There are 2 protein chains.
Amino acid sequence: MRFASRALLAVWIVLAPLQMAAAEEGMWLFNDFPAQKVAAAYGFAPTLQWLDKVRLGAVRLAGGCSASFVSDKGLVMTNHHCIRSCIEDLSTPKLDLLARGFLARAQKDERRCPGMEANQLTEITDVTLQVQKATAGRTGEDFARALKEVSSKLEGDCATGTAVRCDVVTLFHGGAYHLYRYRRFQDVRLVFAPEFTMAAFGGDPDNFNFPRYAFDVAFLRVFDGGSPALTPEHLPWAKEPVKEGDLVFVPGHPGGTERVQTVEQLELQRDVVLPYFLLTFAELRGVLLEFQAGSPERHRTTRARLRRVENVLKAMRGRHQWLGDPAFFAAKKEQDQALRRKVRGDPALEARFGGAFEGISQAVAAQRALHLEYRLLEGADGFRSELFNQARRLVRAADERPKPSGQRLREYSDARLPAMEQAISMTAPVPADFEEKTLAFSLRRLRELLGADHPLVQKVIGRQAPEAMARTLVRGTRLADPATRQALYRGGTKAIEASADPMIALARLVDADARAVRQSWEAQVEGALARHGELLNQAHVAVYGQGGYPDATFTLRLSYGTVQGWTEGGTVFPAMTTVGGLYRRDAGVFPFAVEPSWLAAKKRLAAHTPMNLVTTNDIIGGNSGSPLVDRNGHVVGLVFDGNLPSLAGRYGYDPAVNRTVAVHAEVITAALEHVYRAHRVLEELVGSR
Amino acid sequence: MRFASRALLAVWIVLAPLQMAAAEEGMWLFNDFPAQKVAAAYGFAPTLQWLDKVRLGAVRLAGGCSASFVSDKGLVMTNHHCIRSCIEDLSTPKLDLLARGFLARAQKDERRCPGMEANQLTEITDVTLQVQKATAGRTGEDFARALKEVSSKLEGDCATGTAVRCDVVTLFHGGAYHLYRYRRFQDVRLVFAPEFTMAAFGGDPDNFNFPRYAFDVAFLRVFDGGSPALTPEHLPWAKEPVKEGDLVFVPGHPGGTERVQTVEQLELQRDVVLPYFLLTFAELRGVLLEFQAGSPERHRTTRARLRRVENVLKAMRGRHQWLGDPAFFAAKKEQDQALRRKVRGDPALEARFGGAFEGISQAVAAQRALHLEYRLLEGADGFRSELFNQARRLVRAADERPKPSGQRLREYSDARLPAMEQAISMTAPVPADFEEKTLAFSLRRLRELLGADHPLVQKVIGRQAPEAMARTLVRGTRLADPATRQALYRGGTKAIEASADPMIALARLVDADARAVRQSWEAQVEGALARHGELLNQAHVAVYGQGGYPDATFTLRLSYGTVQGWTEGGTVFPAMTTVGGLYRRDAGVFPFAVEPSWLAAKKRLAAHTPMNLVTTNDIIGGNSGSPLVDRNGHVVGLVFDGNLPSLAGRYGYDPAVNRTVAVHAEVITAALEHVYRAHRVLEELVGSR
């Protein structure tokens, strides 16, 4: 399928603004789900109990994915692509688990994933009034500081121990604030993972495409005090396979949408932000492709990282292409202008909300001016290295911890400190040559984008060769050793000041500049967009009425839809693929090589077993690993991707072509039984019913 | 200096449309130079003799650069970066001329550059009437065919032998057609080249920046019948150094501008065309950076190629950034709308030109739809390999040569056949591992951009791994051998059909598809844009009056300006740098390493010797290698670059910030004497006065 097919635009409907959500559009809050609308369309309304049960069965992986509990003994299902760093961390040059896959024959063989954390959302409290009271009348830096202080206080009061995580969640760009209380699981172990080539079957060429034949499946288990955690609120495995036309739900954590942006905000994305990332990732991809061809060991340590880079690149390319599409952009423009006309045309609305447009305009101008330095310095794109990240954590922890919690940088508040400490203590190995490569790449880019004569470039790089500088830093630092990091963390300011570690020295050297750009960013961009975004959202509600869903923020949402193919440019895309199709697509070479395990099982797997399927659910990156559940709240599939038109979902949802892509539950059980002989896992799933 | 500085936009004037050329704007035709305007501003008017002399002193290098005759014995001055492929072709693993530089101590030591061609424009004939008569009333494919036939006929009648090249040049997007007759020099020899690091001092970080300290200089000599060609119409070397404020001229070959495009055309560039190239070159750069780090031999063969990729990437990034700049784009939009208002507001104008806007709109839609397949197939971006290019030349030559000249693909017409035969006979070596690398890269991209299931991808790549396919092709083909190619060329269709060469087979496999997309492209895009571009241009003339210059087309132009620095975002950029500044910038590591030859000469070179300078001349890519001449028509410098704001010059010229960057004549003579002891060259230059 070609992304660039323009024919579908003829059927693209003018995008519905926020409060006019049509068809299956929407990433809904669990505590504000449009049950009546669903009932009217499908004759089924989720009850409050249904919603509570599905919510408690949903899991968030701290790295940026979704998951679900699928047994009462802490068994967690997610995508293979969500846990690749764990599999790599557990691999060695001699035992390449990513290539070979992993199965814990017994519970004692389940292996802990370094640095992995799973969260279960146990409670939602509306704290809008408290936050609005604390920030009332404030603007700019003042607003940002007040918001941080009140959030930190609310989170601190809520987080009663290291097994609890609390986040104040900003919804509707500041229109509402909810306090989310999570149960934290820090002992997460690997139970099952298939071979990389089966999980990523079709590789980058098939990514975001359909028909698709990927087995992007993995199982983890969360432990509590050394034993499997009890999770009675798990989602049971469905007894009946899901069929074309069936109503399905996706509980999960969509990462981010920008559906209520002004045209200026979209233009900034199209012309500055996305091109910045596209250029960065395209060049990085080239470097990594060539780097990994250098040796089998490099291939082993780079493979999954490259795949992540390629995934981001393809997703951003899709977003950029849609924003560059005249019909699509014209529809977004009309949406923006329609709201402006309504507000301008009504003196009462104009008085209340008219300032939002100018406020956002100013924030966008600030974002345009600050974007590059913010990304390079505070986003650390100029220092692309896990060891540098560790150095920064340590340098900042020493500076921040002596302050009162509410005055610290947000990620060092009392409520967040456990996660920070876990990151600092991470035991996963860091491949040194890979670190050198990416750090050199990013230093080169820092110099290129700011210019060789920029004061910061002079200070940091001076006249060094970036490659030599990266080598010296990575070979000279001791921060690859967790004990060294923990000692520096415990030692605080004194230890940091006494340290001769070159990576610590670099982090200290750039810290004042990075903090300065962050402060400007939070005040002029984030703070301003929050304030005026809230107004814009209120204007939407005032003009179009209630009943919307907030933009995605990597917090738990629920979407509904049906299993359904689509038509694009005259081509009909089916709702499902089968295992037989997988075997037909086998070309024997990566990325279209079916593994020996599956070839050996060919006779035992029915060719008509459903493999992947598409649904009309409105999801986005971050939803990876979400369960697909039926009206009984039973698991019928595992979401792992969207189709190419779904990349426009960042900005708007089109029911005609936007599709969620999932692994069918049938192929999961069939493969566990016939390919992997993972009877222990299979029985746990089937026993969950 | 930061490109992203937005402050300068505050002073950006609304861009003058074509016929309102202000200040030093303009890439003027030699036969339509605004001498009176120059006289009014500077008290000096070039005479017809002056213009003829300067025109005959200018040289075009077929690879895409400019140059000049600087002695009466065929000595040619150009940029080092224009002849790097020659230097590489003459290098061996043991003799790295790019790194070491080259000096022919005697004339017999001058070494022929394989495949290099130099052209001198000897005659311009206006053939507008003939062409318009032949194409009158035709549209689409029909128009394209008629244009090709009449051009081929005119060129054929003009090209009286292999020492003559004739091109019908399209000006004003079809508003005028001129027949350019060139003297062809195919025996071009290398006389002098400095070290790569001095020519490219500052490397990619300093590219398009200023202050600058590059010695981007090279000398060639054209031969005729085995002896130096006589070139009495050369440009003499100036006796006096050029100073700040002086009036200067640049004769040369600007490659392409798009200053009269509609907003839709600019949007297509911003959203589709430039992002396509940016992504391609960013990834290719990453691959090449990593590839060249693999071995010293790879470094040797890749270095200059990488530099070319980086140059294109940076230039296109600049163009993209300007098109993404709200103030700049708004000014271009206003320029477009002003013309539309004038035309729409006058029934007579509307009747004559009104159709142009809709016609261009349709052509842009066609371009959007065809862009990708055209680039990949006919532009051969999907087959990035010199050996593939050779295979295509041979396959097409066999198909085309039996046809009458006017019905062939244009590059196979009788007038162009000598150049085609020279390309086929090229003796320069092709590094095989580099070929494999770039071919694999482009095949991967072909699959990625069209999709694995695209019929053409299925046909060409199928289920092969692109890397293995590239290896098989490059290792299996015999086309690296010039004799093999010549035999296939002579053998024609029979030889091609009998050939088992895998690269020939690939070229044959894709030829029908490539020709089909080319035919659509020429009819729906090129042809339509020529027709309607002509109308748009006529509308400009009707609305704003006469006196304009046509968009650049890599044909000879003359620009005027003064030696002058600029101010941007509060920073003052000087008009000149000095040799002393070069030594101060020496960091000892690439790309800021001053070579031992220059370090040894430090005492002999006066620190105040001017090094590089900037002028207000309106130039663009293709002007590289142009001489900078004073009002006497004497050489005072050598153009090699523009500053970052000059990258917006593709779309519009701003006298406040747009600058040409040149090597000062003083440092050329000083370095020839004191660094390189190239007394033979120096005496020839000085003797030219």
Local net charge near A:Arg221, Cβ-Cβ under 12 Å (Lys/Arg +1, Asp/Glu -1): 0
Here the Cα Rg-to-2.2 N^0.38 Å ratio for region B:501-597 is 2.02
Using alpha-carbon positions, what is the distance between the centroids of region A:390-446 and region B:134-157, in Å? 66
Show the residues, 5+ positions off or on another chain, whose built amide H is closer than 5 Å to the amide H of A:Glu568. A:Phe573
Of A:Val563, B:Leu605, B:Gly156, which is farthest towards the positive pole of the protein assembly as shown's charge dipole, taken about the Cα centre with +1 and -1 on the beta-carbons of Lys, Arg and Asp, Glu respectively? B:Leu605
Please state, as a whole number in µm²/s, the translational diffusion coefficient that the Stokes-Einstein equation yields for the protein assembly as shown at 4 °C and 1.567 mPa s, with Rh defined as the Kirkwood radius across alpha carbon pairs. 38
For B:Cys166, B:Cys82, write out the residues from largest to smallest accessible area, computed with a 1.4 angstrom probe and no ligands counted. B:Cys82, B:Cys166
For A:Val191, which sequence-distant residues (separation of 5 or more, or a different chain) have an amide H within less than 5 Å of its own amide H, given hydrogens modelled in the peptide plane? A:Phe219, A:Leu220, A:Arg221
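Find the percent of Cα-Cα distances in region A:280-437 that exceed 25 Å, and round it to a whole number.
Roughly 58 percent, rounded to a whole number.
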Cα-based radius of gyration of region A:105-226 once divided by 2.2 N^0.38 Å, which approximates compact folds: 1.51
Report the local net charge at B:Gly687: Lys and Arg +1, Asp and Glu -1, summed over other residues whose C-beta lies under 11 Å from its C-beta. 0
The size of the Cβ-based charge dipole (Lys, Arg +1; Asp, Glu -1) of the protein assembly as shown about the Cα centre, to the nearest 20 debye, is 1820
Kindly give the distances from B:Asp142 to its copy-mates, label point to label point, with each label point 7 Å from Cα along Cα→Cβ, as nm values to one decimal ordered shortest first. 7.3
Cleavage-rule hits, chymotrypsin sites (Phe, Trp or Tyr not before Pro), region A:532-607, DSSP coil, Cβ neighbours within 10 Å at most 11: none
Let me know the volume per residue of the alpha-carbon convex hull for region A:423-479, in Å³. 96
Which value in Å is the Kirkwood Rh of region A:41-182 over different Cα pairs? 18.4
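Using square roots of five times the C-alpha gyration tensor eigenvalues, list the equivalent-ellipsoid semi-axes of region B:77-140 in whole Å, biggest first.
Three semi-axes, in Å: 44, 16, 9.
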Using DSSP to define loop residues, name the trypsin sites (Lys or Arg not before Pro) in region A:430-533 whose beta-carbon has at most 16 other beta-carbon atoms within 10 Å. A:Arg463
Give the distance, in whole Å, between the Cα centre of region A:580-624 and the Cα centre of region A:486-539. 44
Two decimals is fine: what's Rg over Rh for region B:547-666, C-alpha atoms, Kirkwood radius as Rh? 1.01
What are the extents of the Cα atoms of region A:180-317 along their three principal axes, listed from largest to smallest and rounded to whole Å? 48, 48, 37
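Please give the charge dipole size of chain A, origin at the Cα centre, charges +1 on K and R Cβ atoms and -1 on D and E Cβ atoms. Round to the nearest 20 debye.
920
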Can you put A:Glu258, B:Glu683, A:Glu522 in order of accessible area, largest first, using a 1.4 Å probe? B:Glu683, A:Glu522, A:Glu258
A correct Karplus calculation of ³J(HN,Hα) over region B:188-195, with 6.51 cos²θ - 1.76 cosθ + 1.60, θ = phi - 60°, whole Hz and x for Gly and Pro, returns 10, 10, 7, 9, 8, 8, x, 5
Rounded to the nearest Å, the spacing of the alpha-carbon centers of region A:275-345 and region B:249-291 is 19
Work the Kirkwood hydrodynamic radius out for chain A: mean of 1/r over every pair of different alpha-carbon atoms, inverted, in Å. 26.2
Pull up all non-local amide H partners of B:Gly379: gap of 5 or more, or a different chain, and H-to-H distance under 5 Å with H placed in the peptide plane. none
What ratio of Cα Rg to 2.2 N^0.38 Å holds for region B:353-419? 1.49
Count the net charge of all other residues whose Cβ sits under 13 Å from the Cβ of B:Glu334, scoring Lys and Arg as +1 and Asp and Glu as -1. +4
Pairwise over distinct Cα atoms, reciprocal of the mean inverse distance: report the Kirkwood radius of region A:295-376 in Å, one decimal place. 16.8
Residues hit by the 20 Å² burial cutoff in region A:276-308, accessible area with a 1.4 Å probe, assembly against chain on its own, are A:Leu278, A:Leu279, A:Ala282, A:Glu283, A:Arg285, A:Gly286, A:Val287, A:Leu289, A:Glu290
Could you quickly flag the chain B residue whose beta carbon comes closest to the rotation axis taking B to A, and that distance in whole angstrom? B:Gly286, 1
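The values are calculated or read from the model by the stated rules, or taken from the named source; none is laboratory data. Predicted model only: the values in this text are computed from it and were never measured. No Cβ is skipped: glycine too gets one built from the backbone with ideal geometry, and neighbour counts run over all protein chains shown. Protein only, heavy atoms only, side chains kept; ligands, DNA and RNA dropped before computing areas. Shrake-Rupley method; radii C 1.70, N 1.55, O 1.52, S 1.80 Å.
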